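Please read the structure below before turning to the comments.
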């Protein structure tokens, strides 16, 4: 190294005599004492600075960065939380609104059903009453027909008695009565219609 | 360095003749010997006309403000210790001006950064965020960390971030110290920048060994399995020296870049200021003064820029080495 520097210096000296001549000092000549001093001072400085300056500052900066990161993380978390809560509330509101709608709809359906039931029931009752009335009428009619027939038979027997009283074996009379009776029956049926 | 040497030549040409003679009187061979024997000069070794060299070179004395007239410099001669011999290398551990400047830079780093860290931690604990000075230090630190170190270092960069940050702040303060009165740029000394670059080189290689394991050897010995079998040893012989040179070029460029930028800027500023005195005229002297102020502002920017580039390139080299070769 030293020889290299020497030769460089000689080269420089021959190239620029103006610099070399008035300066008896050789700028490129190494001073080993100074080199040792430099090494010692720099290494000692490096140890001291690493321990007392770079370490604490780095640690402090990292702590601050960590704190900032934490704060940002917390803020983000809070925001997400509040957004979630807001969404939940909104969902709950929507749900309750739906519920109310559903309840109203159900009530309406139930009311409609009740009304329909009532109407149906009324109709059924009416029909029932009508049927019963009709049946009663029919019954009454049948009974009336039977009674009428008994009455007619009685009348006929009565009339026959009267005829018999007067004309005991008149075959012509008997036929007359019979035809009369059949006409009465036919007329009674047509009258009931 | 080109404009600097040009201006220096201008300055020398315009200086009075008697100022030039002492420097010129020493023959080049003697100059070389002097430099080799004692590359760190004492206080009063320079020619009176040359005021640039003592400003950009190291010395065994320190200029301090006088008291009470602080604008008159007072020279403090630093103690000389006996050099230590280790093998064939002579190590002179005597404190020099640049050692003092490095110590001041380190001290300023400690005061500013530890103070900033304290304030940062304090305010963060009290009200959750830093304020004032701590906040400013944090901004610069985080910029270097998040924009320079982390994107270039590759995955799991935390182990290397303090090294990059330390490099940035130390180089920055050493650069800035040269811009204040009575200060001197320690990073304008090749020994300092070479040491920092060497340390970076070691960290780079260490990072390579740690992340690649035995694969690290392939960053030195080129062996490409995609090549035809015949070509592999050929390329191995050709590429391996290139790989080694490539490894060594990076720290060399780091060292020279910082050193040259610092020295060149100071030479330009000093030469411009020298022009003011060379012209000996208020009218003409204004122009170099204005230029010196401009260059000084540029220097302020360059001080930050070079610290930034040094740390950026260090992290790029570490990242390149870690991501696995080829």
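For the criterion of being more than 19 Å from residue B:203 (Cβ to Cβ) and part of a loop (DSSP other than H, G, I, E, B), residue A:27 passes. Answer yes or no: is there a residue in the range A:36-50 that is in contact with a strand residue (DSSP E or B) (Cβ under 8 Å, 6 or more places away or on another chain) and at the interface with chain B (Cβ under 10 Å from one of its Cβ atoms). Yes, because at least one residue in the range A:36-50 is in contact with a strand residue (DSSP E or B) (Cβ under 8 Å, 6 or more places away or on another chain) and at the interface with chain B (Cβ under 10 Å from one of its Cβ atoms).
Residues in the range B:244-252 include at least one that is surrounded by 12 or more Cβ atoms within 10 Å (Cβ to Cβ) and farther than 23 Å from residue B:163 by Cβ.
The set of residues from the range B:136-165 being touching a residue at least 40 places away in the same chain (Cβ under 8 Å) and either closer than 20 Å to residue B:258 by Cβ or within 11 Å of chain A (Cβ to nearest Cβ) (or both) comprises B:144, B:148, B:149, B:152, B:160, B:163, B:164, B:165.
Considering only the range B:121-135, I want to know if a residue exists there that is closer than 28 Å to residue B:202 by Cα, more than 7 Å from chain A (Cβ to nearest Cβ) and part of a helix (DSSP H, G or I). There is no residue in the range B:121-135 that is closer than 28 Å to residue B:202 by Cα, more than 7 Å from chain A (Cβ to nearest Cβ) and part of a helix (DSSP H, G or I).
When the residues of the range B:88-108 are filtered to those that are over 23 Å from residue B:178 (Cα atoms) and part of a loop (DSSP other than H, G, I, E, B), the one that is nearest to the chain's Cα centre (by Cα) is B:92. State yes or no: is residue B:132 at positive phi and without any contact (Cβ under 8 Å) to a residue 60 or more places away in the chain? Yes; evaluated as a whole, the condition is true for this residue.
Here is the figure for the range B:68-87: residues that are in contact (Cβ under 8 Å) with a residue 24 or more places away in the chain and closer than 14 Å to residue B:183 by Cα total 2. Here residue B:209 does not qualify as at the interface with chain A (Cβ under 10 Å from one of its Cβ atoms) and within 27 Å of residue B:245 (Cα to Cα). Residue A:156 meets the conditions (1) at pLDDT 85 or above; (2) surrounded by 14 or more Cβ atoms within 10 Å (Cβ to Cβ) in every case but one. The failed one is (1). Filtering the range B:166-225 to residues that are part of a loop (DSSP other than H, G, I, E, B) and either touching a helix residue (DSSP H, G or I) at 6+ places or on another chain (Cβ under 8 Å) or closer than 16 Å to residue B:309 by Cα (or both) leaves B:178, B:179, B:183, B:184, B:185, B:189, B:220, B:221, B:222, B:223, B:224, B:225. Checking B:55, B:98 one by one, the residue that is out of contact with any strand residue (DSSP E or B) (no Cβ under 6 Å at 6 or more places or on another chain), under 20 Å from residue A:27 (Cβ atoms) and at pLDDT below 85 is B:55 and no other. Modelled with pLDDT of 90 or more, over 52 Å from the mean Cα position of the chain (by Cα) and under 30 Å from residue B:120 (Cβ atoms): does that describe residue A:48? Yes: the conditions hold for residue A:48. With the structure loaded, tell me whether residue B:219 is more than 14 Å from chain A (Cβ to nearest Cβ) and in contact (Cβ under 8 Å) with a residue 12 or more places away in the chain or whether it fails that test. For residue B:219, the condition - more than 14 Å from chain A (Cβ to nearest Cβ) and in contact (Cβ under 8 Å) with a residue 12 or more places away in the chain - is met. Of the residues screened, residue B:138 is not one that is modelled with pLDDT of 90 or more and either part of a helix (DSSP H, G or I) or on the phi > 0 side of the Ramachandran plot (or both).
If you go through the range A:51-66 and keep only what is facing another protein chain (nearest Cβ under 7 Å) and surrounded by 15 or more Cβ atoms within 10 Å (Cβ to Cβ), you end up with A:52, A:53, A:54, A:56, A:57, A:60, A:61, A:64.
The values are calculated or read from the model by the stated rules, or taken from the named source; none is laboratory data. The model shown is predicted, which means the values in this text are computed figures rather than measured ones. Using ideal geometry, Cβ is built from the backbone for each residue, glycine included, and neighbour counts are taken over all protein chains shown.
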